[in-house]
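Contents: one structure, followed by commentary.
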Amino acid sequence: MLCAGQALRSDRPGRRGSRTAEMTDFAERFELLRRRFVERAGEDADAIESAARATDWTVVRDIAHSLSGRAGMFGFPALSDAARMIETAVDRGDPTQAPRAASFALVSDLRKLA
């Protein structure tokens, strides 16, 4: 166990081994993943739109489930909530047009992000 002020050690070459360096490394990697999420938003929008038009709710649900977690983690709570709503509607077997309408609304929001 580390004591206060004790540096973390790293076996990876080129690492300073300090907690600050590791946190900086984490922040840089997290930001890279966040940028990838934003860059991929258009692809996610295309996939949801295509599946919703084909009424393939299993695919819509799977994409919405993935988006819900990723959007929330990367600081897009409205996208996360919209995706979760779609996921829940599909899981409940919602017979209305709600999943379809929500899917197209989510597509619109994703395209704005991309």
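Considering segment 11-91, the qualifying helices (runs of 4 or more DSSP H), each wholly inside and each with 1 or more residues that are in contact (Cβ under 8 Å) with a residue 40 or more places away in the chain, run over 19-53, 57-73. Within segment 82-114, the set of residues being surrounded by 14 or more Cβ atoms within 10 Å (Cβ to Cβ), at pLDDT 85 or above and within 15 Å of Asp62 (Cα to Cα) comprises Ala82, Ala83, Arg84, Met85, Ile86, Glu87, Thr88, Ala89, Val90, Ser103, Leu106, Val107.
The values are calculated or read from the model by the stated rules, or taken from the named source; none is laboratory data. Values in this document were obtained by computation on a predicted structure and should not be read as measured data. A quick note on method: Cβ atoms are made from the backbone with ideal geometry, for glycine too, and the neighbour counts reach across all protein chains shown.
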